[in-house]
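Data first, discussion second: the structure below is written as C-alpha cells.
The values are calculated or read from the model by the stated rules, or taken from the named source; none is laboratory data. Note that the structure is predicted; figures quoted are calculated from it, not measured. Ideal geometry is used to build each Cβ from the backbone, glycine not excepted, and the neighbour counts take in all protein chains shown.
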Amino acid sequence: MQISGTVPSGSSVTVVVTGTGHYAYIGGNIDYVNTSDSFANIGAIPRLNVYVQNGDIRVLNTVDHIHGFFVAEGSGVFYSCVDNTQTPIPLTGTNDYNNCNHELSVYGSASASKFILHRTYGQLTAGSPPAERFIYDPELWLAQPGAATTNNLGGYDAITSLPPVL
C-alpha cells in the first residue's frame, strides 16, 4: 500500500495493512495541515496512524519528512531508504551512497522490531545534522486516536511522566 499526501485539519486517519509479506510504502512526504501554526482547538489537530501487521514500513529515498504514528508489528522492519521499485537499498553498490544521501525527519513516532536506517546525509563530524531524525511531537498525544472532533473527544484525567524501568 502506498501512502503520501496531506492529512486535513480535524482528521484522524488510520491505515491498517494486513497479510504476511505486505508492507506500507511511503512514496512521498506526509504532511499535517497547519503544522507551522497553532490549532484552534484539540479537535482540529490531525492524526495519522499506520499499522502494518507482519510486514514492513518502507520509505522512498527522496522523502524528506513524514508525520504520524508508524508501527510495523511482529517481525516488521522500518526501512528509511528504498528505491522506486520499493526495494531496500543495501549500501553495497557504487551509487547506493548517493541514492540515500537525503535527510529524513519523522515527526511523531515509529515502532518496529528492527530499524534499517540507511540514509547517508551529513558528515561523521561534530555539528553535522543526522541523516534520520525522529521528533516526538505533542500532536501525537494531544490528538487522540480515533477522536478527531470535540464532540467525541474524551478528556484526559491526568498526564504524568514515569522514570524508566532499568
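So is I3 modelled with pLDDT under 95 and under 23 Å from Y121 (Cβ atoms) or not? Yes; evaluated as a whole, the condition is true for this residue. Cβ separations smaller than 6 Å between residues 6+ apart or across chains give the following pairs from the range 72-94 residues that are closer than 17 Å to R119 by Cβ to residues that are surrounded by 17 or more Cβ atoms within 10 Å (Cβ to Cβ) and among the basic types (K, R): Y79/R58; S80/R119; C81/R119; V82/R58; Q86/R58. Of all the residues in the range 95-120, those that are of a type in the set (S, T, Y) and in contact with a Pro (Cβ under 9 Å, 6 or more places away or on another chain) number 0.
Got a sec? Which of V63, V15, V71 is at pLDDT 90 or above, in contact with a strand residue (DSSP E or B) (Cβ under 7 Å, 6 or more places away or on another chain) and not in a strand (DSSP E or B)? Show your work before the answer.
Values: V15 fails: not in a strand (DSSP E or B); V71 fails: not in a strand (DSSP E or B).
Every option except V63 fails the conditions.
Being touching a residue at least 40 places away in the same chain (Cβ under 8 Å), within 17 Å of G28 (Cα to Cα) and in contact with an Asp or Glu (Cβ under 9 Å, 6 or more places away or on another chain) is a property that E103 lacks.
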